[in-house]
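The values are calculated or read from the model by the stated rules, or taken from the named source; none is laboratory data. In this text, all values refer to a predicted model and were calculated from it rather than measured experimentally. Backbone-built Cβ (ideal geometry, glycine too); neighbour counts: all protein chains shown. Accessible surface is based on the protein model in full, side chains and every heavy atom, while ligands, DNA and RNA are left aside. Shrake-Rupley method; radii C 1.70, N 1.55, O 1.52, S 1.80 Å.
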Amino acid sequence: MKKSIIALTLIFISSFTMAQSLTNVNVKKIEVKGKADMEIVPDEIYLRIALKEYKNGSKTVSMNTLESGLVKAIKSLGLPEDALRVDNVYGYNWNWKKKKSDEFLATKSFKLKVSNVKMVNNLVNKLDSEGLNSMSIAEVGHSKIEEYKINLKIEALKNAKMKASSLLKSIDEEIDGVIEIQEIDYGNVRNYARNEMMLSAKMDDGDYRSNLEYKNITISAEVRAVFGIK
């Protein structure tokens, strides 16, 4: 008896699944993609700063001295100390000109978070130019990036619906609700906005103060939507 009930149940489930599949096949639908973009001025700029030990006569200017100078410079600009993080430590002691080993001089790179590029000139002028090996913009982003991304996805979905409605209107048809929505993810926006523009380690001592902003970054959202047709 139990075997018969199980058999009947399996037949019912199989029949229901088949009927559902046939129903889905017969549903009239339209599939479209919607996209939305926006440009924003980044308020999170990450500088990669590399300091390198160097010889001053017979003495070596140590990494502790250079790092201490960097921390003091950051504080003098009103930036919190936790805005600075160690990025990497490296170095070698081979002198290519002499073609032999020389005294080991370490290089240490940091990442510094600033809100705008106007701070860069002031920062560089406060650092030891001999110990400043390089500086570059590692990446840029925005403090409200997640909020912007959600709003963009909503706008992209609205655009998809508008596109579907316009296409169906051209053949005297109408939308009959949504069947499926899928986000199309392009990955991390912060990395998308990455820029490795090198900055000069030495600047003029004039009174010029830059008012230039960093270039706008573009963030995008795209969705795939399936709508039913009446």
Check your understanding: What order, most packed first, do the peptides 120-128, 58-66 have when packing is the mean number of other Cβ atoms within 10 Å of each residue?
Key -> 120-128, 58-66
Point to revise | Rounded percent of accessible protein surface that carbon and sulfur make up, the range 108-191, 1.4 Å probe | key: 47 percent
